[in-house]
1. Using only the Cα atoms of the range 1-149, build the gyration tensor, take square roots of its eigenvalues as a ≥ b ≥ c, and label the shape rounded, prolate or oblate: rounded if a/c is under 1.5, else prolate if a/b is larger than b/c, else oblate.
2. Taking all protein chains as present, what is the carbon and sulfur share of the accessible area of the range 174-283, in % to the nearest whole number, probe 1.4 Å?
3. Give me the 1.4 Å probe accessible area per residue for the range 145-268, excluding ligands and nucleic acids, in Å².
4. Helix 46-56 against the longest principal axis of the chain: what's the angle in degrees, Cα atoms only, rounded to the nearest 10?
5. Could you please put 224, 16, 9, 56 in sequence from largest to smallest accessible area, using a 1.4 Å probe?
6. With just the Cα atoms defining each centre, how far is the range 1-79 from the range 255-278? Give it in Å.
7. For the chain, what D do you get in µm² per second when you plug the Kirkwood radius from alpha-carbon pairs into Stokes-Einstein at 37 °C and 0.692 mPa s?
8. What shape does the range 167-262 have by the C-alpha gyration tensor, where a ≥ b ≥ c are the square roots of the eigenvalues, rounded means a/c under 1.5, and otherwise prolate means a/b greater than b/c and oblate the rest?
Amino acid sequence: MRKWIVMMTDFGPDNTGTATMRGVAASVDSELQLTDLTNSIEPFNVWQASDALMYTEPFWPAGTVFVSVVDPGVGTSRRACVAKLRDGKYVVTPDNGTLTHLASRVGIEAVREIDETVNRLHGTEKTSVFHGRDLFAYTAARLAAGIIDFEGVGPAYPVEEIVRCDKPLSAEVCGGNLTGRVTSVSRYLGNLFTNIRAEDMEDNGFVTGERYRVILTGLSTGRTVFDQEVSYAVSFGHVEQGQALIFNGSTLYLCVALNQDSFARKYQIDPAEEWRIEVKKHE
């Protein structure tokens, strides 16, 4: 059975580049199983790409090859690499911070720089702006199809040299209250996802069914767009339609939402801005 290739980009849903990448992979081996994680990462947002991989990766079988193309440094000296995760999966990506969450949460066993003299799509040597097609999709397909093994990707380099984003992965605790970051925003439903874990809530005495003060502030503007007491609910239907709530999401990280409405739209949450979330007990 051929392995899965799961692709993620910041190209947008209507960009022909994504189909081009799938075509390259299918041309290497037409029996490969190909799907997309998303093509709607905020443009150039490496942190969001790293976060999306962390949320999705645990639900795929060992041997899956992920391809991430959020690559503002394409064509520069940044490394193009393949990381072998400790749970037996692979990530083909620019080494620009995309591996941050997986390095911390899953663990990276080894990493290799793609050897372009071997693992580059023939005929693309005169362009340096579409490594998603020319290096990443091509190398991922060769690896998934068994044409090369992991050692055949290229030279190894120390895992310690992997580039990591300089942002907090976990919430901060102060006096039993929690301060975290909004890690992503659902464009369609308008829900906010954070780096506050369900166990952070439990360990610090936050109980579902109770109400807590939630504050959302833009880090670059200092603008507070939300400061209200809301229910820490089990799910949406435990509050009235249109009411705000916080809840443990499917990946066991805290989320903020409105029941049957868009929190992001109502409170003008720009996904491109960085947001701080504070969850406080009754004062």
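1. rounded
2. Values: 2470 of 5570 Å².
Exposed carbon and sulfur together represent 44 percent of the surface.
3. Details: 6490 Å² over 124 residues.
Ligands and nucleic acids excluded, the result is 52 Å² per residue.
4. With both axes taken from Cα atoms, the answer is about 90 degrees.
5. Listed by decreasing accessible area, they come as 16, 224, 56, 9.
6. 26
7. Approximately 164 µm²/s, per Stokes-Einstein.
8. Judged from the Cα gyration tensor, the range 167-262 comes out rounded (a/c under 1.5).
The values are calculated or read from the model by the stated rules, or taken from the named source; none is laboratory data. Just so we're clear, the structure is a prediction, and the values are computed from it rather than from any experiment. Glycine gets a Cβ as well: all are built from the backbone with ideal geometry, and neighbour counts include every protein chain shown. The area values use the complete protein model at the heavy-atom level, side chains included, leaving out ligands, DNA and RNA. Shrake-Rupley method; radii C 1.70, N 1.55, O 1.52, S 1.80 Å.
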